[in-house]
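Worksheet for the structure shown next.
The values are calculated or read from the model by the stated rules, or taken from the named source; none is laboratory data. Here the structure is a predicted model, which means the values were calculated and not measured. All Cβ positions, even for glycine, are placed from backbone atoms using ideal geometry, and neighbour counts span all protein chains on display. The accessibility values were calculated without ligands, DNA or RNA, using every heavy atom of the protein model including side chains. Shrake-Rupley method; radii C 1.70, N 1.55, O 1.52, S 1.80 Å.
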Amino acid sequence: MIEVARRTWRLLEPYHGMIYFAPEAAAAYAELGLTGRAGYFASRSAALGAVPAPVVVATFYNFNPVLVRESITTAWSTTDPAAVLAARHGAADRALRGILGDAITSPEMRRAAALLREAAETVADDVTGRPLFAAHAALPWPTEPHLVLWHAQTLLREYRGDAHIAALLTARLSGVEALITHAASGAVPAETLRTSRSWSEEDWNRAVTGLRERDWLTGDTDLTFTPAGAARRAEIEKATDENSVTPYARIGEAACAELQELVRPFSRALAGKLMPWALARP
């Protein structure tokens, strides 16, 4: 069931993730006075309320804390969480309508929304140790199926994300070290991860040296796992999967398989328009 759950989550991820790349979102946040990365951090953490910056730093694990602190301080001195949540919701609606067109009212969309909402609702009370999931789970459900599907995937994305942070902490990896091990896995180029999370070359190289000293990485110039490092990274992924499987297991393999078939054309359309790199994922 773990592999089924992982495939279902991965296939649905573009349906949620499009909000981070849609021009409608950037425009909506700009109307509130949020530019740069402030819109990202504010929109994803707004469900927590206007909490102190260190709380947001704690939940955005692998980003440079300076970037998070500056962004969220700017955001809540400019606007408020309710306005940002409304802007995010409206942007998701416009982006999905623009790319999916009539598909948003199709029987396939209604069925997919019902299945994924059922999965998300089975863990609605499973919030211990999952702060971002808990915050988003407390938000009201939208009514239109295309937004129900988006909200459900948002919940399950944060559910998994909180589990991943727990696994990284258990492995005694700092935020920047977690990024380096992600780069070593070959999933995303190291420079993309470093710059997108606002880590300096000095911070990055210091962390690389530390991981080599702890036998995570070889002494080569490239980021290459030692056998011990590869095993530890595999354990992190295994723990993440094991602590994220429940909502999918509760609706069952047949429902997950149906969900995958229903959502595949939606996710491909969204990825093709906004995230072409995601189409290469298995």
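In terms of packing, defined here as the mean over residues of other Cβ atoms within 10 angstrom, the peptides 236-244, 159-167 line up highest first as 159-167, 236-244.
Under the convention that each Lys and Arg Cβ holds +1 and each Asp and Glu Cβ holds -1, the size of the dipole of the chain around its Cα centre is about 200 debye. Mind jotting down the distance between the C-alpha centroids of region 214-282 and region 49-65, whole Å? Value for the Cα centre distance between the two parts: 24 Å. Relative to the first principal axis of the alpha-carbon coordinates of the chain, what is the inclination of helix 227-242, with its axis defined by its Cα atoms, in degrees from 0 to 90 and to the nearest 10? Taking the Cα atoms of the chain, the angle to 227-242 is about 20 degrees.
Count charges around E158 for me, please; just the other residues with Cβ under 13 Å from its Cβ, Lys/Arg as +1, Asp/Glu as -1. Write out the running numbers ahead of the final one.
Working: positive: R44, R130, R157, R160; negative: E13, D126, D162.
Overall, the nearby charge balance is +1.
Using only Cα atoms, tell me the angle between helix 175-184 and the longest principal axis of the chain; keep it within 0 to 90° and round to the nearest 10. That helix lies at roughly 90 degrees to the long axis.
Surface analysis of the chain yields an accessible area of 45 Å² per residue, using protein heavy atoms and a 1.4 Å probe. Normalised by residue count, the chain yields a Cα convex hull volume of 120 Å³ per residue.
So, in Å, what gap is there between the alpha-carbon centers of region 151-209 and region 66-113? That distance is 24 Å. Once C-alpha pairs closer than 8 Å and six or more residues apart are averaged by separation and normalised to the residue number of region 1-123, the relative contact order reads 30 percent.
Nearest 10 degrees is fine. How inclined is helix 2-17 to the longest principal axis of the chain, computing both from alpha carbons? The answer is roughly 70 degrees.
Leaving ligands, DNA and RNA out of it, report the carbon-plus-sulfur percent of the accessible area of region 193-282 at a 1.4 Å probe. Present the calculation step by step, with values, prior to reporting the outcome.
Values: 2450 of 4860 Å².
Exposed carbon and sulfur together represent 50 percent of the surface.
Projecting the Cα atoms of L85, A47, L132 onto the dipole axis of the chain, where Lys and Arg carry +1 and Asp and Glu carry -1 at the beta carbon, places L85 farthest toward the positive end. For the chain, relative contact order (Cα pairs under 8 Å, six or more residues apart, normalised by length) works out to 30 percent. Classify region 136-208 as rounded, prolate or oblate, taking a ≥ b ≥ c as the square roots of the eigenvalues of its Cα gyration tensor: rounded when a/c is under 1.5, otherwise prolate if a/b is larger than b/c and oblate if not. Prolate, because a/c is 1.5 or more and a/b exceeds b/c.
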